[in-house]
1. Could you please report the charge total around Ile49, scoring K, R as +1 and D, E as -1 over all other residues with beta-carbon less than 13 angstrom from its beta-carbon?
2. Compute a Gaussian network model of the chain, connecting alpha carbons closer than 10 Å, and tell me which residue from Tyr75, Tyr61, Tyr203 fluctuates the most.
3. Output the 0 to 90 degree angle, nearest 10, between the alpha-carbon long axis of helix 77-103 and the longest principal axis computed from the alpha carbons of the chain.
4. Per-residue ellipticity at 222 nm for the chain, helices alone: DSSP H runs ≥ 4 residues times -39500 (n - 2.57), over residue total, nearest 500 deg cm²/dmol?
5. With the crude spin-label approximation of a point 7 Å out along Cα→Cβ, what separation in nm comes out for Asn107 versus Leu38?
6. Report, in degrees rounded to the nearest 10, the 0 to 90 angle that the Cα long axis of helix 2-23 makes with the longest principal axis of the chain.
7. Any idea how many Lys pairs in region 1-156 come in under 27 angstrom at the alpha carbon, given 8 or more places apart or on separate chains?
8. Working out 0.36 nm times the residue gap between Ala119 and Ser136, then minus their Cα-Cα distance, what length gain in nm do you get to one decimal?
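Every number here is computed from the coordinates shown, using simple stated rules; none is lab data. Predicted, not measured: the structure shown is a model, and the values here were computed from it. Here the Cβ positions follow ideal geometry from the backbone for every residue, glycine too, while neighbour counts run over all protein chains shown.
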Amino acid sequence: MNELYFFGFFFFLILLVLGAFRMGKAYIYGIIAALAILMNIFVLKPFEIFGLTTYGGNILYGCIFFCTDLLAEHYGKKEALKAVRIGFLSLLIYFMASQFYLHLETNLALEGAEAVQSALTTIFAPAWGIVVASLSAFLISNILDVHIYDWIHKKTGSRLLWVRNNASTFFSQLVDTITFTFIAALFGIFDWSIVGEIILFAYIFKILVALLDTPFLYLSRLIPKHD
């Protein structure tokens, strides 16, 4: 059933993004902010699809690249980079707010307060190595993706949309996966003996998401855009 859930949720997200695109680029910014936060919550959820083990944050992260490519295609590099900054700021706010509320002294006299604190600790107490790795990989890979997409766009014009979409995402997602995994390993989050395996499995999954979103980028050409 995981494959069914995966494709169903993927198509829901993509159609949601296209609906937001129809209403204007500001809505895309909002979706990117939400996805940036959610991916760092659901990254804790491991699951298997097509025999490969992956984590819940990857599909959300893949949709962020679809959003920035959508903005770069229709609004240009400047707006796509603005979206990256919004996503990065959202991550910073998420991390700081989660640590603030996590470290507030809990009133354990209230029924259920201890269970709530325990649940929040599980979700919002990541090792700082994960925080550094996540922020670094997000900023580096998304900026790289926008610049590569824009460079190919200038070379190809309106032609070869599938080339710039996939080439920019394939390369930037590889950089993202390597950056995140290596930084996490430096902080002792991952054992160096499994770094190669983690990179391979994560990258294969991200490539799958990138290939699936390409037809929808073509579909966006049929949707009237609004500022």
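1. On the way: positive: Lys45, Lys206; negative: Glu3, Glu48.
So the environment of Ile49 carries a net charge of 0.
2. Comparing Tyr75, Tyr61, Tyr203 in a Gaussian network model of the chain, the most mobile one is Tyr75.
3. It is inclined by approximately 10 degrees.
4. -27000 deg cm²/dmol, from helical runs alone.
5. 3.2
6. Relative to the chain, helix 2-23 is tipped by roughly 60 degrees.
7. Pairs that pass both the separation and distance tests number 11.
8. Values: separation 17, 0.36 × 17 = 6.12 nm, distance 2.66 nm.
Value of the extension gain: 3.5 nm.
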